[in-house]
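Contents: one structure, followed by commentary.
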Amino acid sequence: MPGNIADNLNSELLGGSADSEKFIKNTGIRYRRFVDTDVCTSDLCEKAALKLLEDLKWDPSEIDVVIMVTQTPDFLTPNTAILMQDRLGIPKSAIAFDVPLGCSGYVYGLFTMASILAATKLKKGLLLVGDTLSRQASPKDKSAYPLFGDAATASAVEYTGIEADDFKFLLGSDGSGYQSIIVPGGGYREPITCESLSYDKIEEGIERNRTNTVMIGTDVFSFGISVIPAAVSEFYSRFALTNDKVDYAYFHQANKFMNEKIRKKIGLTEEQVPYSLYDYGNTSSATIPLTITYHFKGNNKAAQNKEILLCGFGVGLSWGICLLNTKDIFISDIIEY
């Protein structure tokens with residue numbers, strides 16, 4: 001995590017204490033972490049990865065695959081994962097590439113990593129996931145900026161070859177909703193010009209330029225409360241699961257109001273669904289591993305032998321669901337950059 005902390009209770013953008021308190025109550029987000037302007041997602045990932053490899057006593061030379069899931073890469077090209085291969089001292093023989101996804105990205109990253117390891121029989125992979133959305137959202141946009149925090153995570157995945165260790169997945173996408181969460185300028189559909197950086201006033205409290213995140217909250221809310229419960233139901237049916245077979249469900253930390261609607265529709269208890277929103281906000285692709293780490297707070301004994309459901313959803317629109325058992329899980333501490 002970045003060491004910089006923003007407190008939404010004191011946010012001038014939200015318009016005062018009464019409006020700030022209402023925002024915090026509805027979204028569940030009080031604090032957010034944000035990077036300095038010269039810090040990239042790769043910098044946070046590097047520190048997380050070095051800590052994890054040290055804790056696991058893995059040598060970088062053992063890593064066969066590096067996948068980086070991020071919407072805030074260092075460059076348009078090359079892929080940041082390839083830079084991380086060099087920076088972490090991972091062999092040149094390693095497979096390394098980016099997955100440019102946000103909210104559903106952790107599950108997509110796990111699926112991609114598990115598929116590669118199973119197909120190739122390679123042993124060890126490093127999944128780097130995170131975003132620095134404070135550098136993408138407009139600081140003049142009260143509909144987006146107070147929601148997003150910066151974070152990056154590292155997950156080590158080892159192939160065992162034991163069928164009982166397999167992860168279970170369900171993935172989906174709906175490109176008809178691509179405009180619901182979008183950065184319209186900066187790609188090749190709309191290259192950057194001088195005008196791209198000019199701020200437009202959308203309404204009171206919302207100003208942004210074409211390189212900032214645009215989020216249509218009503219569309220995202222409708223998608224979340226309709227598609228995600230149905231997708232979880234399909235996942236349960238496919239793998240003969242029920243809520244009582246799930247110890248914990250870690251959802252993308254979008255906002256508390258929407259997530260609670262989803263939880264109740266699925267029928268999960270409050271105890272089954274941990275949150276990290278209050279202290280860290282919506283950290284995009286990092287929310288699921290961050291919430292797992294935040295929930296167990298280094299108590300690896302308590303984390304063992306749990307059936308955990310992971311569910312990411314959002315930008316794309318896209319969603320991903322995974323069930324895995326934590327019989328060999330190890331969780332490092334949250335550290336500051």
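The values are calculated or read from the model by the stated rules, or taken from the named source; none is laboratory data. This structure is a prediction, so every number in the text was calculated from the model and none was measured. Glycine also receives a Cβ, built like all others from the backbone with ideal geometry; neighbour counts cover every protein chain displayed.
Mind counting the residues in the range 125-141 that are of a type outside the set (Val, Ile, Thr), assigned to a strand (DSSP E or B) and closer than 12 Å to residue 283 by Cα?
Matching residues across the range 125-141 total 2.
Would it be correct to say that residue 157 is at pLDDT 95 or above, farther than 27 Å from residue 245 by Cα, among the hydrophobic types (A, V, I, L, M, F, W, C) and out of contact with any Pro (no Cβ under 7 Å at 6 or more places or on another chain)?
When the stated conditions are applied, residue 157 does not pass them.
Please identify the pairs in which a residue from the range 298-317 that is more than 16 Å from residue 275 (Cβ to Cβ) has its Cβ atom under 7 Å from the Cβ atom of a residue that is of a type in the set (Lys, Arg) and outside any loop (DSSP other than H, G, I, E, B), counting only partners at least 6 apart or on another chain.
Note: pairs meeting the criteria are 307/245.
Within the range 4-60, track down each residue that is surrounded by 21 or more Cβ atoms within 10 Å (Cβ to Cβ), outside any strand (DSSP E or B) and among the aromatic types (Phe, Trp, Tyr).
Of everything in the range 4-60, just one residue is surrounded by 21 or more Cβ atoms within 10 Å (Cβ to Cβ), outside any strand (DSSP E or B) and among the aromatic types (Phe, Trp, Tyr), namely 23.
Search the range 307-329 for residues being assigned to a loop (DSSP other than H, G, I, E, B) and touching a helix residue (DSSP H, G or I) at 6+ places or on another chain (Cβ under 6 Å), and hand back the single one that is farthest from residue 157 (Cα to Cα).
317
For the range 270-286: of the residues being aliphatic (A, V, I, L, M) and not in a loop (DSSP other than H, G, I, E, B), which is farthest from residue 21 (Cα to Cα)? Give the steps one after another, and end with the answer.
Going residue by residue through the range 270-286, those that are aliphatic (A, V, I, L, M) are 273, 277, 286.
When the remaining residues are screened for being not in a loop (DSSP other than H, G, I, E, B), the result is 277, 286.
On the way: 277: 15, 286: 25 Å.
Restricting to residues being aliphatic (A, V, I, L, M) and not in a loop (DSSP other than H, G, I, E, B), the top hit is 286.
Considering 271, 307, which residue is of a type in the set (Asp, Glu), farther than 18 Å from residue 24 by Cβ and in contact with an Asp or Glu (Cβ under 9 Å, 6 or more places away or on another chain)?
Going through 271, 307 in turn, just one is of a type in the set (Asp, Glu), farther than 18 Å from residue 24 by Cβ and in contact with an Asp or Glu (Cβ under 9 Å, 6 or more places away or on another chain): 307.
I'm checking my understanding of the structure. Among residues of the range 317-337 that are under 21 Å from residue 112 (Cα atoms) and of a type in the set (Ser, Thr, Tyr), which one is nearest to the chain's Cα centre (by Cα)?
Only one residue tops the list, namely 318.
Only one residue in 262, 228, 202 is over 18 Å from the mean Cα position of the chain (by Cα) and hydrophobic (A, V, I, L, M, F, W, C). Which one?
The conditions single out 202.
Mind checking which residues of the range 294-308 are in contact with a Ser or Thr (Cβ under 7 Å, 6 or more places away or on another chain) and not aliphatic (A, V, I, L, M)?
Residues of the range 294-308 in contact with a Ser or Thr (Cβ under 7 Å, 6 or more places away or on another chain): 294, 303-306, 308.
Matches in the range 294-308: 294, 304, 305, 306.
Can you work out which of the residues in the range 270-307 that are in contact with a His (Cβ under 7 Å, 6 or more places away or on another chain) and buried (at least 22 other Cβ atoms within 10 Å of the Cβ) is nearest to residue 44 (Cα to Cα)?
287
For the range 166-185, check the following and say yes or no: at least one residue is of a type in the set (D, E, K, R) and modelled with pLDDT under 95. Lay out the reasoning, then the answer.
If we filter the range 166-185 for residues that are of a type in the set (D, E, K, R), which is where we start, we get 166, 168, 174.
After this cut, where a residue has to be modelled with pLDDT under 95 as well, the list is 166.
Yes: one or more hits.
Out of all the residues in the range 78-106, which are in contact (Cβ under 8 Å) with a residue 60 or more places away in the chain and in a loop (DSSP other than H, G, I, E, B)?
Passing the criteria: 101, 102, 103, 104.
Can you pull out the residues in the range 65-77 that are over 18 Å from residue 50 (Cβ atoms) and in a loop (DSSP other than H, G, I, E, B)? Lay out the reasoning, then the answer.
So the first thing to find is which residues in the range 65-77 are over 18 Å from residue 50 (Cβ atoms), and the list is 69, 71-73, 75-77.
Those that are over 18 Å from residue 50 (Cβ atoms) and in a loop (DSSP other than H, G, I, E, B): 71, 72, 73, 75, 76, 77.
Just to confirm my filter: which strands (runs of 3 or more DSSP E) fall fully inside the range 182-269 and include at least 2 residues that are surrounded by fewer than 19 Cβ atoms within 10 Å (Cβ to Cβ)?
So the answer is 200-203, 206-208.
Over 27 Å from residue 31 (Cβ atoms) and either buried (at least 24 other Cβ atoms within 10 Å of the Cβ) or touching a strand residue (DSSP E or B) at 6+ places or on another chain (Cβ under 9 Å) (or both): which single residue out of 101, 147, 76, 83 fits that description?
Only one candidate qualifies: 83.
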